[in-house]
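Notes for the one structure printed next.
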2 protein chains.
Amino acid sequence: MDLRSTQLSALTCLLFVSSCCHGGNILVLPEDGSHWVNIQVIMRNLHTRGHSLTVVRSSKSWYIQENSSLYNIVTVSPMETEDVGPDYFKMLIERSLALQRMSPFVRFFEQQKDITNMLKVFHNAALQMISTILDDAALVERLREAKFDLLLTDPAFPIGVLLANFLQLPLVYNVRWLNTGDAHIQIAPSPPSYIPVYNSLLHDQMSFMQRTENFLRHLFSLLQERLIIVPIYSELLERHFPPGTSLLSAQQSADIWLMRVDFVFEFPRPTMPNVVYIGGFQCQPAQALPEDLEEFMQSSGEHGVVIMSLGAVVGALPKTITEAIATAFAEIPQKVVWRYHGERPSTLGNNTLLLEWFPQNDLLGHPKTRMFVSHGGTNGIYEAIYHGVPVLALPILFDQFDNVLRLQVRSAARVLQVATLTSQEFLEGLKDVLENPMYQSNIRKLSKLHRDRPLSPLDSATFWIEFVMRHKGAAHLRSEANNLPWYSYHNLDVLAFLLAFTVIALLTSVYVCKLLCCRKSIKKRKVD
Amino acid sequence: MDLRSTQLSALTCLLFVSSCCHGGNILVLPEDGSHWVNIQVIMRNLHTRGHSLTVVRSSKSWYIQENSSLYNIVTVSPMETEDVGPDYFKMLIERSLALQRMSPFVRFFEQQKDITNMLKVFHNAALQMISTILDDAALVERLREAKFDLLLTDPAFPIGVLLANFLQLPLVYNVRWLNTGDAHIQIAPSPPSYIPVYNSLLHDQMSFMQRTENFLRHLFSLLQERLIIVPIYSELLERHFPPGTSLLSAQQSADIWLMRVDFVFEFPRPTMPNVVYIGGFQCQPAQALPEDLEEFMQSSGEHGVVIMSLGAVVGALPKTITEAIATAFAEIPQKVVWRYHGERPSTLGNNTLLLEWFPQNDLLGHPKTRMFVSHGGTNGIYEAIYHGVPVLALPILFDQFDNVLRLQVRSAARVLQVATLTSQEFLEGLKDVLENPMYQSNIRKLSKLHRDRPLSPLDSATFWIEFVMRHKGAAHLRSEANNLPWYSYHNLDVLAFLLAFTVIALLTSVYVCKLLCCRKSIKKRKVD
């Protein structure tokens, strides 16, 4: 069979862009950090297609610039809350390294304590932000008068969710996380028997004890949601929303969920008709590198280059670890490009180039690139899949552990524990991923599957955003499940009714039988 | 906002067809009747794109021709079974009309008896067919040697399913029904709290008692599947398949499920990553009509034309009903084109043209067409949606009752009961659908939503069939749920374990407490 792989994506994409439509008016409520980096990819595409964008940002934002030719800005100054700036993240990293050194059992409880605290900190900041907006009558009036066609938000924290519900705007999510984990849990059936809970480090094939653990984690995360997150917003909901509005129903009301997931990466699981998968939408063919960087890449000869980055919010690791990494790098024949902040490691080899920032996507798509040393952030992982580059993973925070596990079970990555990393271990890991062809071959397979789709993920995202604007929502794709209380959804009321009915029927028949028997025996006695 | 509706489908379609790929070798196991009519649409598209098709048919087939330029043929002559030809269908229709006259309660049980009998008849015929194939060593060898890249089947009856599993071929379904109802039930979570069971005439918003009814129907259909269908194939599975192979696991093993569903029609419900929705794939822009038919259409003037068809397998209705229909037609100012077999009704008006066959899609897409009188077969309903023509429905068999209900709850159709139809009722129905603009406006809305997609349903079907050939399957989209026993899937084993653990822990602590208390009181007594 000679099936030419039909590279439709690029072609349909071109065509799609050319059949442009005009003048949508979109309100954007983004999250900060890497979430902002990736929502901008969608925003740029919408801008190119002639839509007007207005971004609402907090005055405390680290990433979202006040001035841009891409969007209009509304800056809101929420009251003081606990600072969630770079120092907070530094503390989180130190804590995460400390946790890695604990026993699994202790780690679980310490982690849950940390997650609970973190949820409180972030959701209180979100509450301040949305309260500040809704309490400002003039701002609300301005937003109403702007007559937006749609609100686009990353709903990790529900500022945009609540604002869309308040303004009654059609709502589209750019989403992966919601409340205590994977956003799917809020909208699609998620049996814990084969759907691993966020942060569990489990996959979709579990032993009986792992299923028990996953089940308990699932319950635990539902409790965290109901007992910690939901109450934070209850006073605000009472004050500004019609009676009976709940945070969860507001979250479930989105018209389209653009999910940053692709099933070459995530384990296959139930989904819903209004979920559109756009995992990897930020990936693009590599552009030419700056001249000096290209020269460095070429100087690697046949050995090629290792690319290393621990992402945007990860500052310097403890010195012992960076020294161990530098030592190992110095011993391999490859060249290394390392995105690095902080003091230069003393053991750095001549083969290693330190850069404060680099064009990661272009480096990963470079023909000399052999491997990617990564913390396992979603953006980087999808770029590695897109370009087919095997990964040596050093996960540090949040979803990074789960992300790299998904590559590991497909034998496309090897994972090391950062907290206890030695130079020897890291060197052994480097050599394994560089020399064992399994990693290369598996990530290439994933890359082929990932790229083979009738419409690129970014075009999908754009199509569905415009679909919602054209039809003023997508109510026909939203399921009735969201309108049922949980006990009705699971048929518990029906089961209770049927059980009661059966018991009453049984008791009645027993009673009737007894009555008949009694009469008979009375009659019999009388006859006797 | 000026959003031009982006008509991408036609454009991407052109492009898609032009970037053709060559030479896939596809084995097709179709169903007969209207299922054959619609799988041929996909086959023609695959043929145009250079794939070779081989069809396996029964020598008793009514529709599947022995000779065609579209496909090679393998004709199999299964042993005698109960005949499921036109006479059988005539009996089913008579029985269905009789059922409509019964009380709902009696009807339910009579219906279940009928369904049980029908399942036995059809599945025994399917068993004969697959047995004949697998018992014929020479034929099996021929099929093996042909080195097919993929088996495409309509799995309503599992001939293709079992053959694909036997030959270990990648498997793609063109599917809506499987075993006792909607095929989704075999692959995706289907809570009966908001997902109406096949033939229930319920929709996705149910009262408590309707949910109870639906729950019981759900259990009933599971029992029918386990107790009637599954045992029919057990001896064959033992004889020809590795130990442990079950019918249900074979059915769940398909790589891609091309589902003949669109959510402007079906109620939104959970789905899975390997389900691709192609509802309406057979619809096309209307072609020019034959000259005499076009003349008839134009002669209707401003009043327009009513189109009526009761589908391919429905022969003549009882005379009283056809006379009632003809009488009512004679009283409306519209012209009527009626697809009709049998004796000419005596009350037929001059405005009504009887035809044994007509180009239904082209008639429905004609600008003079005002309304469609239909039995509610899936193909016709999707054509009505595609062309935005309101429906007056006379459901008779199978899924037709559920199909027309889906248009009725969206106020795009009116439904009448055929068995007791009077001329007055039918006339009133005709006038209502013709004169109340609600029907027109709602079906046009559905039409707009249905046509607004980035890739046409037929192109989606073709893309995913070729995807499976390119990658020799789509294992990465198949969920682990299929590998779990039902009690593990629903966590019942985990719940039992946790309950047992809790009870033992409680009993142990009570015992220990008692022991301690006893000791204390003994000590106390001793001290006293």
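Tabulated data for the structure shown
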item	result
Hits in segment B:442-460 (condition: in contact with a helix residue (DSSP H, G or I) (Cβ under 9 Å, 6 or more places away or on another chain), part of a helix (DSSP H, G or I), at the interface with another protein chain (Cβ under 10 Å from one of its Cβ atoms) and closer than 30 Å to B:Q408 by Cβ)	B:K445, B:L446, B:K448, B:L449, B:H450
Qualifying positions in segment B:24-60 - open to solvent by 20 Å² or more (accessible area, probe 1.4 Å) and polar (S, T, N, Q)	B:N25, B:S34, B:Q40, B:N45, B:T48, B:S52, B:S58, B:S59
Test: B:A183 is modelled with pLDDT of 95 or more, among the small types (G, A, S) and open to solvent by 10 Å² or more (accessible area, probe 1.4 Å)	no
Near pairs, Cβ below 9 angstrom, 6+ apart or cross-chain, from segment A:199-220 (over 25 Å from A:G377 (Cβ atoms)) to any residue that is surrounded by fewer than 18 Cβ atoms within 10 Å (Cβ to Cβ) and β-branched (V, I, T)	A:Q205/A:V409
Filter result for A:F220 (within 9 Å of another protein chain (Cβ to nearest Cβ) and under 28 Å from B:N482 (Cα atoms))	no
Selection count where residues are part of a loop (DSSP other than H, G, I, E, B) and open to solvent by 20 Å² or more (accessible area, probe 1.4 Å), scope segment B:406-419	4
Selection count where residues are more than 11 Å from every other protein chain (Cβ to nearest Cβ) and outside any helix (DSSP H, G or I), scope segment B:261-295	13
Search result, residues across segment A:422-442 that are polar (S, T, N, Q) and open to solvent by 70 Å² or more (accessible area, probe 1.4 Å)	A:Q424
Residue count, segment B:389-405 (criterion: among the aliphatic types (A, V, I, L, M) and not in a loop (DSSP other than H, G, I, E, B))	5
Criterion violated by B:L248 - all others in (1) under 26 Å from B:Q186 (Cβ atoms); (2) crowded, with 20+ Cβ neighbours inside 10 Å satisfied	(2)
Verdict on A:E302 being of a type in the set (D, E) and under 20 Å from A:T422 (Cα atoms)	no
Residue check for A:S488: among the hydroxyl-bearing types (S, T, Y), within 14 Å of another protein chain (Cβ to nearest Cβ), under 24 Å from A:Q186 (Cα atoms) and part of a helix (DSSP H, G or I)	yes
Qualifying residue in segment B:434-441 (condition: farther than 22 Å from B:I39 by Cα, assigned to a helix (DSSP H, G or I), among the small types (G, A, S) and more than 14 Å from chain A (Cβ to nearest Cβ))	yes
Leading residue by the ranking (nearest to B:L150 (Cα to Cα)) among those in segment B:469-528 that are aliphatic (A, V, I, L, M) and touching a strand residue (DSSP E or B) at 6+ places or on another chain (Cβ under 9 Å)	B:M469
Criterion: under 21 Å from B:R239 (Cβ atoms) and assigned to a loop (DSSP other than H, G, I, E, B) - qualifying residue of B:L139, B:L169	B:L169
Helices (runs of 4 or more DSSP H) completely within segment B:305-388 that count 2 or more residues being surrounded by fewer than 21 Cβ atoms within 10 Å (Cβ to Cβ) and without any contact (Cβ under 8 Å) to a residue 60 or more places away in the chain	B:319-330
Test: A:R239 is in the same structural domain as A:P196 (by TED's automatic domain parsing) and crowded, with 17+ Cβ neighbours inside 10 Å	no
Residue check, A:L258 within 14 Å of chain B (Cβ to nearest Cβ), buried (at least 17 other Cβ atoms within 10 Å of the Cβ) and either in a helix (DSSP H, G or I) or at pLDDT 95 or above (or both)	yes
Single condition A:L99 does not satisfy, out of (1) outside the structural domain of A:V76 (by TED's automatic domain parsing); (2) under 30 Å from A:L236 (Cβ atoms); (3) not aromatic (F, W, Y)	(2)
Test for B:A188: is it small (G, A, S), away from chain A (no Cβ under 14 Å) and open to solvent by less than 20 Å² (accessible area, probe 1.4 Å)	no
Segment A:461-476, residues that are facing another protein chain (nearest Cβ under 7 Å) and either open to solvent by 10 Å² or more (accessible area, probe 1.4 Å) or basic (K, R) (or both)	A:R470, A:H471, A:H476
Exclusive hit being at pLDDT 95 or above and not hydrophobic (A, V, I, L, M, F, W, C), set B:P243, B:P231	B:P231
Test result for A:K445, open to solvent by 40 Å² or more (accessible area, probe 1.4 Å), more than 30 Å from B:Q210 (Cβ to Cβ), within 26 Å of the chain's Cα centre (by Cα) and not β-branched (V, I, T)	yes
Any chance B:D135 is farther than 22 Å from B:P231 by Cα and open to solvent by 70 Å² or more (accessible area, probe 1.4 Å)	no
Condition met for A:K90 (in contact with a Gly (Cβ under 7 Å, 6 or more places away or on another chain) and over 22 Å from A:G160 (Cβ atoms))	yes
Count of segment B:149-180 residues which are open to solvent by 20 Å² or more (accessible area, probe 1.4 Å) and either within 12 Å of chain A (Cβ to nearest Cβ) or touching a Gly at 6+ places or on another chain (Cβ under 9 Å) (or both)	2
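Here's the yes/no breakdown for (1) more than 27 Å from A:L27 (Cβ to Cβ); (2) in a helix (DSSP H, G or I); (3) touching a Lys or Arg at 6+ places or on another chain (Cβ under 9 Å):
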{"residue": "A:I185", "(1), (2), (3)": "no, yes, no"}
{"residue": "A:A188", "(1), (2), (3)": "no, no, yes"}
{"residue": "A:P192", "(1), (2), (3)": "yes, no, yes"}
{"residue": "A:L202", "(1), (2), (3)": "yes, no, yes"}
{"residue": "A:F215", "(1), (2), (3)": "yes, yes, no"}
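The values are calculated or read from the model by the stated rules, or taken from the named source; none is laboratory data. Quantities reported herein were computed from a predicted structural model and do not represent experimental measurements. FYI the Cβ positions are ideal-geometry reconstructions off the backbone, even for glycines, and counts take in every protein chain you see. Keep in mind that these areas ignore ligands, DNA and RNA; they rest on the heavy atoms of the full protein, side chains included. Shrake-Rupley method; radii C 1.70, N 1.55, O 1.52, S 1.80 Å.
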